[in-house]
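Chemist: Supplied in structure tokens, the structure appears directly below.
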There are 2 protein chains.
Amino acid sequence: MNRKKKPLSHPDVEKRLVDAGVQPTAQRIAICGYILGEADHPTAEEIKKWADRHFPKMSRATVYNTVKTLVDAGILQEFKFPHSDAAVYDSNTDIHYHFLDEKTGELHDVQPESVDLSVKLKEGFKVKGIQILLRGTKK
Amino acid sequence: MNRKKKPLSHPDVEKRLVDAGVQPTAQRIAICGYILGEADHPTAEEIKKWADRHFPKMSRATVYNTVKTLVDAGILQEFKFPHSDAAVYDSNTDIHYHFLDEKTGELHDVQPESVDLSVKLKEGFKVKGIQILLRGTKK
DNA sequence: ATATTTGCAAAGCCTTTGCAGGGGA
DNA sequence: TCCCCTGCAAAGGCTTTGCAAATAT
């Protein structure tokens, strides 16, 4: 796992949603609480499986709708990586990079402070964003 | 476009295939010649469209089979980027990075010399590969 | 009442696979 | 001959969409 997370109370999650301008429906509170407080880079499928265990009834469409809502609201960030077709959702909305453990498939956040990067491109290229995936193994 | 390419003669392409241990079938020569000599980061679909115009008859399956063969043979590199679900094929098989022009969707190769990078991760992380996508605009 | 959200089913995009037929070494 | 290659069609994984029913403000 990436770093320890603290479970969030439903009221805390609800506040987060309202603050972000999102209607705090039961489904959204559940999913958002799961991702913010417990999950580590879950895919939609993992969220769906979690919901099947912890929520009375939730369709896959609602999972997708919800994560899209949360991403649009700035609560989550969505990432796609080359090693998998499935998008992952990250509660870390700051700029950061990732390390993929090729043995386990686990993703680890990499803080920008850990990376020293300077890019000098030819005239005319204006860089507005950088995505970095480090691949390797973690012992 | 990324950089100028020179069209390759069919015999040259055939030699490249044979050297790489790949049977030089008509389909493979055609596709390989297109990617090495003309195309710029084409997707399977773009290759298929090109084939529909320049080759008597080729199925999508053959396009996929062929690029897989060429990748396995070390003639091409396959990349997947977050902005599109479709894989792209790159005749540059050296280590390099990419710049995505967000206006046009065009991909540009970025030579490693253009990027100065040092990564210091916590104990236990061993980095074996790095993928970088720069996003921005090119005038 | 009015706008928003949920959820089912169907479709869409990209890719892979199974298998029969065909062609090259 | 024998093996590899081609290609059709079907399936598979992930995600989106259309639309009706349910829910929130």
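Chemist: Cβ-Cβ under 8 Å, sequence separation 6+ or interchain: first residue in the stretch B:44-69 and within 21 Å of B:Gly21 (Cβ to Cβ) and away from chain A (no Cβ under 14 Å), partner near DNA strand D (Cβ under 8 Å from one of its atoms) and assigned to a loop (DSSP other than H, G, I, E, B). Which pairs?
Modeler: The qualifying pairs are B:Thr69/B:Val22.
Chemist: Would the stretch A:89-112 turn up any residue that is within 14 Å of DNA strand C (Cβ to nearest atom) and hydroxyl-bearing (Ser, Thr, Tyr)? It would help to see each step written out before you state the result.
Modeler: Of all residues in the stretch A:89-112, those within 14 Å of DNA strand C (Cβ to nearest atom) come to none.
No, because not a single residue in the stretch A:89-112 is within 14 Å of DNA strand C (Cβ to nearest atom) and hydroxyl-bearing (Ser, Thr, Tyr).
Chemist: Could you figure out which of (1) more than 11 Å from DNA strand C (Cβ to nearest atom); (2) within 22 Å of B:Leu107 (Cβ to Cβ); (3) in a helix (DSSP H, G or I) isn't true of B:Ile47?
Modeler: Just one mismatch for B:Ile47, condition (1).
Chemist: Looking at B:Ile132, B:Ile75, B:Ile95, B:Ile35 in this structure, which one is hydrophobic (A, V, I, L, M, F, W, C), at the interface with chain A (Cβ under 9 Å from one of its Cβ atoms) and either touching a strand residue (DSSP E or B) at 6+ places or on another chain (Cβ under 7 Å) or not in a helix (DSSP H, G or I) (or both)?
Modeler: That would be B:Ile132, the only listed residue that is hydrophobic (A, V, I, L, M, F, W, C), at the interface with chain A (Cβ under 9 Å from one of its Cβ atoms) and either touching a strand residue (DSSP E or B) at 6+ places or on another chain (Cβ under 7 Å) or not in a helix (DSSP H, G or I) (or both).
Chemist: Hey, another quick one. Out of the residues in the stretch A:81-92 that are more than 10 Å from the chain's Cα centre (by Cα) and at the interface with chain B (Cβ under 10 Å from one of its Cβ atoms), state the one that is nearest to A:Lys139 (Cα to Cα).
Modeler: That would be A:His83.
Chemist: Report, by residue number, each residue of the stretch A:8-32 that is more than 20 Å from A:Pro56 (Cα to Cα) and part of a loop (DSSP other than H, G, I, E, B). Reasoning before the result, please.
Modeler: Just the residues of the stretch A:8-32 that are more than 20 Å from A:Pro56 (Cα to Cα), to begin with: A:12, A:15-22.
Across the stretch A:8-32, the qualifying residues are A:Ala20, A:Gly21, A:Val22.
Chemist: I'd like to know if the stretch A:60-68 contains one or more residues that are away from DNA strand C (no atom under 14 Å from the Cβ) and of a type in the set (Val, Ile, Thr).
Modeler: Looking through the stretch A:60-68, none of the residues is away from DNA strand C (no atom under 14 Å from the Cβ) and of a type in the set (Val, Ile, Thr).
Chemist: May I pose another question? Suppose we filter B:Asp19, B:Asp12 for residues that are surrounded by 13 or more Cβ atoms within 10 Å (Cβ to Cβ), more than 29 Å from A:Ser114 (Cα to Cα) and among the acidic types (Asp, Glu); which single one remains?
Modeler: B:Asp12
Chemist: Among (1) within 10 Å of DNA strand D (Cβ to nearest atom); (2) more than 14 Å from every other protein chain (Cβ to nearest Cβ); (3) touching a residue at least 40 places away in the same chain (Cβ under 8 Å), which single condition is A:Val18 missing?
Modeler: Checking A:Val18 against (1) within 10 Å of DNA strand D (Cβ to nearest atom); (2) more than 14 Å from every other protein chain (Cβ to nearest Cβ); (3) touching a residue at least 40 places away in the same chain (Cβ under 8 Å), the one that fails is (3).
Chemist: Run down A:Thr137, A:Thr104 and say which single residue is at the interface with chain B (Cβ under 7 Å from one of its Cβ atoms) and either over 15 Å from the mean Cα position of the chain (by Cα) or within 22 Å of B:Pro112 (Cβ to Cβ) (or both).
Modeler: That would be A:Thr137, the only listed residue that is at the interface with chain B (Cβ under 7 Å from one of its Cβ atoms) and either over 15 Å from the mean Cα position of the chain (by Cα) or within 22 Å of B:Pro112 (Cβ to Cβ) (or both).
Quick note: the coordinates plus some simple rules give every number you see, no bench work behind them. Worth saying up front: this structure is predicted, and the values here are computed from it rather than measured. Glycine also receives a Cβ, built like all others from the backbone with ideal geometry; neighbour counts cover every protein chain displayed.
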